[in-house]
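Presented below is the structure to which this report refers.
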């Protein structure tokens, strides 16, 4: 049995998932996952490739259905930074134009979001001229423009060099302090997660067939470990 409910407005709990699982055909992508994000809390979702990190995040946000477990969500604004966004270098798209692709925002709000990530001094250059780190900052600015209660980042420092990744994580901490939002960050960097996160959820790749699904759950049958 699966349930998805809404928590009371104003609650510190933004999203809470209990023993959730997502199945594609006969294969369980994730199973027995517990995860909770509160206001001002940074939770890291860690796992190797194929462990189901993105699937778990999408399930928590309600973008895909769960097949078992329960999820409670508060009625809050969500900001999302994707793992990657491919834009053709021949597309005549500028920094500020990207900020308004999905909606119209007052200039002051755009300026504030760009200032929050340190891009306000760049002007309005073509997207193709930005470095990897600058582009990731731009995606973060786009996610911040609505001042989200919950910020979800899918491996946001991927493709950024080591020094740039460190600066980016410092920026995320500053965003958390400034907005007081909850943050769910998907990563494969366990060391960074332990160092900066309030909670760490580790997904382990595994599969369950239909026969296992119909049997009692074994004591060792777990797809998540929280630290």
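Filter segment 173-195 down to the residues that are buried (at least 19 other Cβ atoms within 10 Å of the Cβ) and in contact with a helix residue (DSSP H, G or I) (Cβ under 9 Å, 6 or more places away or on another chain), then identify the one that is farthest from residue 16 (Cα to Cα).
Of everything passing the filter in segment 173-195, 175 is farthest from residue 16 (Cα to Cα).
Within segment 88-101, count every residue that is surrounded by 12 or more Cβ atoms within 10 Å (Cβ to Cβ) and assigned to a loop (DSSP other than H, G, I, E, B).
Adding up the residues that qualify gives 2.
Across segment 61-87, what is the total count of residues that are assigned to a loop (DSSP other than H, G, I, E, B), within 25 Å of residue 175 (Cα to Cα) and touching a strand residue (DSSP E or B) at 6+ places or on another chain (Cβ under 8 Å)?
7
Based on what the data block shows, is residue 140 at pLDDT 85 or above, surrounded by 19 or more Cβ atoms within 10 Å (Cβ to Cβ) and more than 19 Å from the chain's Cα centre (by Cα)?
It is false that residue 140 is at pLDDT 85 or above, surrounded by 19 or more Cβ atoms within 10 Å (Cβ to Cβ) and more than 19 Å from the chain's Cα centre (by Cα).
Is it fair to say residue 204 is in contact with a helix residue (DSSP H, G or I) (Cβ under 6 Å, 6 or more places away or on another chain) and at pLDDT 75 or above?
No: the conditions fail for residue 204.
If you take the residues in segment 102-131 that are over 17 Å from residue 168 (Cβ atoms), in contact with a helix residue (DSSP H, G or I) (Cβ under 8 Å, 6 or more places away or on another chain) and assigned to a helix (DSSP H, G or I), which one is modelled with the highest pLDDT?
This residue is 110.
The values are calculated or read from the model by the stated rules, or taken from the named source; none is laboratory data. Because the structure is a prediction, the values reported are computed rather than measured. Cβ coordinates were reconstructed from backbone atoms using ideal geometry, including for glycine residues, and neighbour counts include every protein chain displayed.
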